[in-house]
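A short write-up of the structure that comes next.
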Amino acid sequence: MSDPTPNRTEPGVPKKTRRAGRICCVVLSAGLPLVLSGCITAHDPAATPTLKVHHSVPESATPPTISTHLGQAVPRPSPAASVKACASSSDDCFRRVVDRLQELDYLPLEQTVIHGRSGPVRYDFFRFAVPAVLQRTADSFPWNWSNPFIRGALIQFERTSGTLKALGVSEGHWHPALAPALFSPKARKDPWLWEWVLVDKYDGSTRPETLSIWRAGESGPIWTTRVNTGVLGSTPDGTWPIYQRLPVTTMRGVFPVPVSRTTYEELAGQRVPQWSGSSLSQSARGLVNGHPVRWQPYNDPGIRWVDYFDDGRGIHYYPRASYGFPQSAGCVEEPVSAAPITYRLLHYGVPVTVLAGSHPKRSTSSPPLPGPPR
């Protein structure tokens with residue numbers, strides 16, 4: 001096995017960096033420049049339909065401050081008005097929260113509705129170039145409280161602002177107690193450059209399973225390592241934000257050992273502990289994605305460098321003879337040479353996407369749409 005090598009000599013704590021200024025347009029397809037953010041760009045009216053763009057900003061906003069979208073002044077809600085509006089998880093509250101997270105750089109993703117000949121089309125754009133697989137992933141989620149990118153932004157703000165104590169756990173669900181801190185004029189901007197994790201799991205080819213970390217402003221991944229995902233597809237496809245980080249912990253549960261149908265039938269009525277040493281019990285057999293399995297209890301202390309993202313699934317170190325193919329009970333396992341680097345690079349709220357056969361090389365999306373400089 002060859003040890004993974006980082007793309008940087010110092011992969012430690014990311015530093016606060018100024019971002020590029022806002023640019024004027026994004027090309028959705030050849031010959032279709034789209035005017036955004038109040039900028040003007042030339043295009044041939046005869047060659048393209050008339051396009052109207054609507055930003056996801058509250059229409060019922062109130063003074064005193066003003067922001068501009070598409071060259072038009074849009075009143076911004078006062079902090080007191082936003083706190084009052086967010087006493088519940090209403091649609092109005094959602095729009096205000098998203099707008100504020102974007103303003104503070106926790107959410108570099110914005111929603112636009114484009115009106116053309118075929119009717120309105122939703123387009124979620126990033127403020128910087130991203131790989132096509134990330135753009136497709138963002139487009140696949142509804143624009144509501146369940147969106148993992150929005151949940152990740154909330155988790156990171158809770159940690160940065162101190163509204164969530166050190167031992168607290170958040171999964172990015174809105175609660176009114178967060179409103180005063182979020183809408184405060186003194187709210188702290190995101191000190192991290194935005195990141196995204198892609199776990200490229202087994203797709204039937206000879207390619208090894210890998211984890212890569214992407215960062216805003218970079219044309220390719222800043223870090224890649226081989227990993228192991230779950231046997232029998234027990235690491236599902238999807239996107240979740242990192243909600244808990246632990247330098248060391250104990251993991252316990254049951255491992256799905258594939259068995260034949262005959263063995264599966266023989267296990268009927270048998271029980272096993274819910275984890276090794278537990279007084280609680282469960283059925284000794286089960287099905288994982290339609291495959292018959294025998295549950296093998298485990299209790300593993302000393303698991304290091306853990307980033308939890310989907311219930312009990314996490315990214316962490318686990319000793320194996322080799323890496324790059326499904327071996328775990330559902331987690332994303334890393335070698336000891338890579339796990340501490342991954343742990344140092346990541347932070348709370350980073351979205352983790354698991355897909356089979358994705359492996360992008362470089363950013364391939366439309367030109368970036370950066371926010372205001374930090």
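The values are calculated or read from the model by the stated rules, or taken from the named source; none is laboratory data. Keep in mind it's a predicted model, so treat the numbers as computed, not measured. Here the Cβ positions follow ideal geometry from the backbone for every residue, glycine too, while neighbour counts run over all protein chains shown.
Among the residues of segment 279-292, is there at least one that is of a type in the set (A, V, I, L, M) and in contact (Cβ under 8 Å) with a residue 60 or more places away in the chain? First the steps, then the outcome.
Narrowing segment 279-292 to residues of a type in the set (A, V, I, L, M): 280, 284, 287-288.
Checking which are in contact (Cβ under 8 Å) with a residue 60 or more places away in the chain leaves us with none.
Scanning segment 279-292, I find no residue that is of a type in the set (A, V, I, L, M) and in contact (Cβ under 8 Å) with a residue 60 or more places away in the chain, so the answer is no.
Suppose we filter segment 227-241 for residues that are part of a loop (DSSP other than H, G, I, E, B) and surrounded by 17 or more Cβ atoms within 10 Å (Cβ to Cβ); how many remain? Break it down into steps so the answer makes sense when it comes.
Pass one, segment 227-241, residues part of a loop (DSSP other than H, G, I, E, B): 227, 229, 234-237.
Checking which are surrounded by 17 or more Cβ atoms within 10 Å (Cβ to Cβ) leaves us with 227, 229, 234-235.
Residues flagged as part of a loop (DSSP other than H, G, I, E, B) and surrounded by 17 or more Cβ atoms within 10 Å (Cβ to Cβ) within segment 227-241 amount to 4.
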*Residue by residue through segment 348-360, note down the ones that are out of contact with any helix residue (DSSP H, G or I) (no Cβ under 7 Å at 6 or more places or on another chain) and either assigned to a loop (DSSP other than H, G, I, E, B) or crowded, with 22+ Cβ neighbours inside 10 Å (or both).*
VAL352, VAL354, GLY357, HIS359
*Show the residue pairs that are 6+ apart or on different chains and have beta-carbon atoms under 9 Å apart, the first residue being within segment 198-215 and farther than 12 Å from THR229 by Cβ and outside any strand (DSSP E or B), the second being at pLDDT below 95 and not β-branched (Val, Ile, Thr).*
GLY204/ALA356; GLY204/GLY357; SER205/GLY357; ARG207/GLY357; ARG207/HIS359
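Restricting to segment 192-216, name every residue that is over 15 Å from VAL332 (Cβ atoms) and surrounded by 17 or more Cβ atoms within 10 Å (Cβ to Cβ).
From segment 192-216, those over 15 Å from VAL332 (Cβ atoms) are 192-195, 203-207, 214-216; that's our starting set.
Of everything in segment 192-216, those that are over 15 Å from VAL332 (Cβ atoms) and surrounded by 17 or more Cβ atoms within 10 Å (Cβ to Cβ) turn out to be TRP192, LEU193, TRP194, GLU195, TRP214, ARG215, ALA216.
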_Which numbered condition SER278 misses (of (1) more than 30 Å from GLY349 (Cα to Cα); (2) in a strand (DSSP E or B); (3) among the hydroxyl-bearing types (Ser, Thr, Tyr))_ = (2)
*Any chance you could count how many residues in segment 349-374 are farther than 18 Å from TYR323 by Cα and at pLDDT 95 or above?*
5
_segment 169-197, residues that are part of a loop (DSSP other than H, G, I, E, B), within 16 Å of the chain's Cα centre (by Cα) and not small (Gly, Ala, Ser)_ = GLU171, HIS173, ASP190, TRP192, LEU193, TRP194
*For GLY168, are the conditions met, namely being free of Cβ contacts under 8 Å to residues at least 40 places away in the same chain and at positive phi?*
no
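Any residue that is in a strand (DSSP E or B), in contact with a His (Cβ under 7 Å, 6 or more places away or on another chain) and either without any contact (Cβ under 8 Å) to a residue 40 or more places away in the chain or assigned by TED's automatic domain parsing to the domain that holds HIS316 (or both) - is there at least one of those in segment 252-262?
Residues of segment 252-262 in a strand (DSSP E or B): 252-258.
Still in the running and in contact with a His (Cβ under 7 Å, 6 or more places away or on another chain): 258.
In the following step, the residues that additionally are either without any contact (Cβ under 8 Å) to a residue 40 or more places away in the chain or assigned by TED's automatic domain parsing to the domain that holds HIS316 (or both) were identified as 258.
Yes: one or more hits.
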